[in-house]
Amino acid sequence: MSAPPIWSLSSEAVVETLQTTIQGLSSQEALHRLKHYGANELPEPAHRPLWLRFTDQLTHFMALLLWVAGILAFVSGTPELGWAIWAVIWINAIFSFSQEFQAERALAALKGVLPAQVKVFRDGNLRVIPARELVPGDAMQIEEGDRISADARLISAQSLYLDVSVLTGESLPVAREATSVPAEGHIPTTGKVQPAEMTNLVLTGSTVAAGRGLAVVYATGTRTEFGHVAHLTTTVKRESSTLEIQIARIVRVITSIALGMGLTVFLLSYFLVHMAVGESFIFAIGIIVANVPEGLLPTVTLALAISVQRMAQQNALVRRLSAVETLSATTIICTDKTGTLTKNEMTVRVLWIPSTEVEVSGTGYEPIGEVRCAGPAQAHVNLLLAGGALCSNARLIHLTSPAQGQATPVSSWQEIGDPTEAALLVAALKAQLVPEALQHRSPRLREIPFDSRRRMMTVVLDWRLSELWPNELPYLSFTKGAPLEVLRCCGSILNNGQVHPLSKQERDAIAAANDQFASQGFRVLGVAVRKGDHELLAQDPQTLEQDLTFLGLVAMQDPPRPEVDLAIDRCHRAGIAVTMITGDYGLTAAAIARSIGLSTGKARVITGEQLEHLSAAQLRQMLHRKTGLIFARVAPEQKLRLVQAYQDLGQVVAVTGDGVNDAPALRAANIGVAMGLSGTDVAREAADMVLTDDNFATIVSAIEQGRAVYQNIRKFMTYILTSNVPQIVPFLAMVAFKIPPALTVLQILAVDLGTDMVPALALGADPPEPGIMHQPPRSKHKSLLSTSLLARAYGFLGVIEAIAAMLGFFTVWWSQGYTLAELQQVTTAILNHTADASTLQVYRQSTTVTLAVIVACQVGNLFACRSEYFSITRVGFFSNRWIGVGIATEWVVLLLLLYVYPLREIFATVPPTPQYWFMLLMWPPLLLGLEELRKYAVHEFKRGER
């Protein structure tokens with residue numbers, strides 16, 4: 001006889017069957033079960049084989065073009081050229097594959113930085129452990145925003161709703177409860193039971209949409225329902241970013257241009273210069289190879305990978321590569337307040353009861369301090385603090401660790417759960433009220449969880465054993481939440497130990513006290529109580545939270561992060577507006593905004609209620625004033641509306657969020673930013689970027705890195721495209737002046753994949769430029785290959801290099817006594833390989849000098865490309881250590897080409913004579929100096945316009 005299904009058992013039978021308790025397993029037993037059942041994870045899905053991924057690098061559009069060019073070289077009778085071009089394909093494929101592989105590994109490594117975590121009871125204490133360590137029998141606490149990491153059976157549930165769309169496709173949250181389901185119930189017509197339909201089960205892959213519960217794990221890893229039917233979906237996936245797509249489009253455009261130019265050169269050389277068909281083919285191939293940016297795609301991949309790693313080092317984990325370049329165009333940040341702009345370290349500072357304010361000393365979660373109250377008010381204050389502590393789901397853990405160099409251990413306290421609730425527990429401890437003892441004497445019978453609409457939480461307790469407040473009835477409910485919302489539900493007030501109807505004057509006094517605390521930057525909670533009998537256990541939430549007795553206010557301090565004011569200032573300087581969107585009270589938000597420089601003078605605060613009455617046109621008109629807006633008491637759907645309204649105005653919006661209700665706004669934003677410490681699993685899944693320190697300043701640093709990536713790609717594009725001009729001009733000069741080409745095709749390849757590759761990569765690794773955050777955001781419609789970039793690369797820097805290269809070429813001939821006419825006379829013999837040895841030696845010397853001049857100019861160009869606008873003296877010659885490596889590589893490769901015998905024969909070079917070395921060393925500072933003059937002239941022109 002088979003065992004009854006888990007959903008049909010009672011809670012007691014479930015605990016007995018799984019050999020556990022509602023207080024969880026011991027650490028030793030959990031370790032034993034982990035060894036037996038294995039880690040709670042699914043096997044990695046099968047990836048595309050590496051050899052096929054490497055083959056992709058040999059068969060993309062640019063590679064196919066070079067394969068054809070190699071074949072044409074063989075057909076033309078120059079096998080050495082054909083082999084060289086095919087070698088280029090293999091070198092580029094190996095490099096691109098290695099960079100893409102490294103980028104994927106870098107992204108995959110980020111998954112381990114923020115592992116999924118769960119709250120379980122071990123050794124009777126609530127702990128946070130990695131989800132992979134879950135074992136059958138673990139007692140798991142779940143609450144709103146959590147992703148379920150193992151199949152479990154509910155033991156208790158309070159207003160629990162799950163999103164099971166991943167499992168069933170059901171779009172709306174479904175209710176879950178702890179009661180057992182009869183084994184013969186819920187049987188579909190097919191006769192097959194669907195566990196996802198069982199109302200007392202929570203299954204892997206679902207998320208908690210509302211409420212909370214306690215569940216016992218019965219299946220992990222591949223034994224879960226999700227493990228039976230689905231492959232693992234990774235949290236971080238490698239996808240082509242919009243930038244990479246744009247680069248690929250640029251490569252196709254440039255390659256098409258190269259084909260057009262190659263065909264033109266072939267026709268002109270054949271019909272005008274009267275070269276043989278084979279030779280014409282060779283020079284057409286030279287034009288094509290000179291124009292194709294072989295190193296562009298791998299350099300983009302590397303730049304993105306480096307940026308992702310740098311952001312991770314600064315506590316920003318990028319989940320999608322497309323976010324990197326979008327960051328560079330961000331124009332507005334819609335940020336939460338608590339935990340992002342503030343420390344999220346709540347400390348109760350003041351308690352308010354009618355006609356009395358009570359100070360609370362101490363800081364942080366260390367329960368060291370006192371509640372400075374005595375006399376008749378003491379009992380009232382104790383009831384207020386007990387109500388706050390009992391209406392809380394947080395936990396405090398006392399940690400002790402050996403102190404380095406000290407005999408006594410270091411004591412510290414850590415909160416698990418909401419920091420606001422943890423602060424209430426600490427305040428109770430300071431008044432000598434131990435939360436565990438309170439909960440033991442007054443066990444919780446019912447809970448109405450907090451939600452963002454009611455802005456309240458209520459618990460019903462068995463009050464018969466409590467001595468804090470006489471109660472002739474057996475049950476008591478405590479409600480805590482937003483003061484004005486709680487006050488709205490109250491009909492009476494406790495004052496001087498007596499309950500009496502709440503007068504208008506008392507309501508006004510409570511509201512005034514709330515506003516006074518809020519204007520000082522305090523977060524304020526209201527606490528109320530209600531006596532009752534069994535009806536408190538049965539009434540619906542709306543009825544239960546009526547006719548309350550108001551107890552008092554709890555004012556907490558959550559200080560701003562010290563670095564936030566500087567980050568706000570950086571945003572303003574960078575042309576990025578910052579808008580605060582919070583569920584907190586308006587006066588509290590305004591006080592924090594003033595203290596961090598978000599708003600000057602009187603802050604503009606718009607409440608969720610006011611927002612509700614604004615038309616779309618009115619909202620757009622308000623948002624045109626981008627700086628310093630504060631939206632308070634905002635509902636989740638209103639946050640989404642604000643994001644969409646900003647986007648309708650053409651803004652690129654970054655949004656922060658931590659709750660399950662923030663997920664729609666995070667998905668809709670151009671950049672969704674989730675909190676890694678306080679954020680829910682659902683919010684992290686919806687976001688493009690996760691902050692491991694929940695710090696607003698980290699967002700600003702990520703934007704800086706995003707801008708740097710975009711600029712770096714433009715830098716190395718400028719660098720690569722510049723050298724195309726002196727590579728093309730020799731063939732154009734050959735056609736126009738009927739002279740020998742100043743470069744051979746193999747020498748072009750030596751520049752593109754020999755001397756240029758490492759310096760281009762060095763530019764891709766450049767740190768952010770000085771003043772990068774003093775510039776306005778780039779337009780999201782701005783093309784990467786802009787007119788200004790092409791004009792600078794092709795029309796200025798490239799022209800300088802082409803002039804330098806051709807001067808070097810002609811200098812060699814002139815030094816040997818050749819005039820232009822005499823050079824034209826020997827052109828045919830050189831092209832047909834019939835020239836005498838001395839002429840061929842001069843020709844090899846001239847092409848060698850041309851090659852060397854291009855490489856030397858690229859050294860100066862490397863410094864010139866460090867910034868599009870600023871002088872190299874401001875950027876710093878070697879602020880990027882890879883620049884030095886790039887320059888050294890250029891000269892080493894050049895020397896190898898000039899002096900190592902096998903390479904000299906392959907690339908047709910000869911060692912330059914000493915006078916040409918002076919020319920080579922002259923060109924780097926000369927080109928850099930001319931670029932510095934251009935930047936200065938542009939700067940002066942723009943300053944004159946202002």
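Some notes on this structure:
- Loop sites in region 565-652: trypsin sites (Lys or Arg not before Pro), DSSP, at most 15 other Cβ within 10 Å: LYS602, ARG625
- With an a/c value of 1.5 or above and a/b larger than b/c for the gyration tensor axes a ≥ b ≥ c computed over the alpha-carbon atoms, region 666-776 is described as prolate.
- On full extension, the segment bounded by LEU930 and ALA276 gains 231.4 nm, given 0.36 nm per residue less the C-alpha separation.
- Angle of helix 504-519 to the longest C-alpha principal axis of the chain, folded into 0 to 90 degrees and rounded to 10: 30°.
- For region 614-696, the relative contact order works out to 21 percent when only alpha carbon pairs closer than 8 Å and six or more residues apart are counted.
- Using 0.36 nm per residue and subtracting the Cα-Cα separation, the extra length available between SER412 and VAL75 on full extension is 113.5 nm.
- Nonlocal amide H pairs with ILE155, under 5 Å, H built at 1.01 Å: LEU214, ALA215, VAL216
- Under Karplus coefficients 6.51, -1.76 and 1.60, residue-wise ³J(HN,Hα) of region 716-733 in Hz, glycine/proline x: 6, 5, 4, 4, 5, 5, 4, 6, 5, 5, x, 7, 7, 4, x, 6, 5, 5
- Cut-off 15 Å between beta-carbons: net charge of the residues surrounding ILE854, Lys and Arg +1, Asp and Glu -1: -4
- Two-site label geometry, ALA379 and LEU820: point separation in nm, points 7 Å out along Cα→Cβ: 11.2 nm
- Accessible-area composition of region 727-878, carbon plus sulfur, in percent [1.4 Å probe]: 65 percent
- What you get for the chain, charging only the Cβ of Lys and Arg (+1) and of Asp and Glu (-1), is a dipole of about 1780 debye around the Cα centre.
- Full-extension gain in nm, LYS738 to TYR901, via 0.36 nm per residue minus C-alpha separation: 55.6 nm
- Solvent-accessible area, 1.4 Å probe, carbon plus sulfur percent, for region 544-622: 48 percent
- When the charge dipole of region 608-737 is built from unit charges on Cβ atoms (+1 for Lys and Arg, -1 for Asp and Glu) and taken about the Cα centre, the candidate among THR698, ALA669, THR722 whose Cα reaches farthest toward its positive end is THR722.
- In terms of its Cα atoms, region 331-394 spans 56, 26, 22 Å along the principal axes, sorted from long to short.
- Region 447-579, Cα convex hull volume normalised per residue, Å³: 148 Å³
- When you restrict to C-alpha pairs under 8 Å that are six or more residues apart and normalise by the size of region 665-761, the relative contact order lands at 16 percent.
- Note, ³J(HN,Hα) from phi for region 887-902, Karplus 6.51, -1.76, 1.60, rounded to Hz, x at Gly and Pro: 5, 4, 4, 4, 5, 5, 4, 4, 4, 4, 5, 8, 10, 8, 4, x
- Rg ratio for region 745-816: its Cα radius of gyration over 2.2 N^0.38 Å, N being its residue count, equals 1.57.
- Region 804-852: C-alpha pair distances exceeding 18 Å, %: 22 percent
- Accessible surface, per residue, of the chain when the full set of protein chains is kept, probe 1.4 Å, Å²: 42 Å²
- Summed side-chain charge close to GLY387 - residues other than GLY387 whose Cβ falls under 11 Å, Lys, Arg +1, Asp, Glu -1: +2
- Region 624-720 - percent of accessible surface contributed by carbon and sulfur, probe 1.4 Å: 46 percent
- The residues neighbouring LYS35, those whose beta-carbon lies less than 14 Å from its own, together hold a net charge of 0 under the Lys/Arg +1, Asp/Glu -1 convention.
- Global form of region 799-946, assessed from the alpha-carbon gyration tensor, a/c cut-off 1.5: oblate
- Relative contact order, whole percent, for the chain stands at 11, derived from Cα pairs under 8 Å and 6 or more residues apart.
- Annotation for region 606-657 versus region 830-884: alpha-carbon center distance of 54 Å.
- ³J(HN,Hα) computed for each position of region 694-710 - Karplus, 6.51 cos²θ - 1.76 cosθ + 1.60, integer Hz, glycine/proline x: 6, 10, 4, 4, 5, 4, 5, 5, 5, 4, 4, 5, x, 5, 5, 4, 4
- Expected-Rg normalisation [2.2 N^0.38 Å, Cα atoms] applied to region 530-653: 1.38
- Reciprocal of mean inverse Cα separation for region 710-842 (Kirkwood radius, Å): 17.3 Å
- Calculated diffusion of region 502-587, Stokes-Einstein form, Kirkwood radius summed over Cα pairs, 10 °C and 1.306 mPa s, µm²/s: 96 µm²/s
- Taking amide hydrogens as placed 1.01 Å from N in the peptide plane, the amide H of CYS490 sits under 5 Å from those of LEU548, each at least 5 positions away in sequence or on another chain.
The values are calculated or read from the model by the stated rules, or taken from the named source; none is laboratory data. Computed from a predicted model, the values in this text were never measured in an experiment. Positions of Cβ are generated from backbone atoms using ideal geometry, with glycine treated the same way; all protein chains shown enter the neighbour counts. Surface accessibility is based on the protein's heavy atoms, side chains included, excluding ligands, DNA and RNA. Shrake-Rupley method; radii C 1.70, N 1.55, O 1.52, S 1.80 Å.
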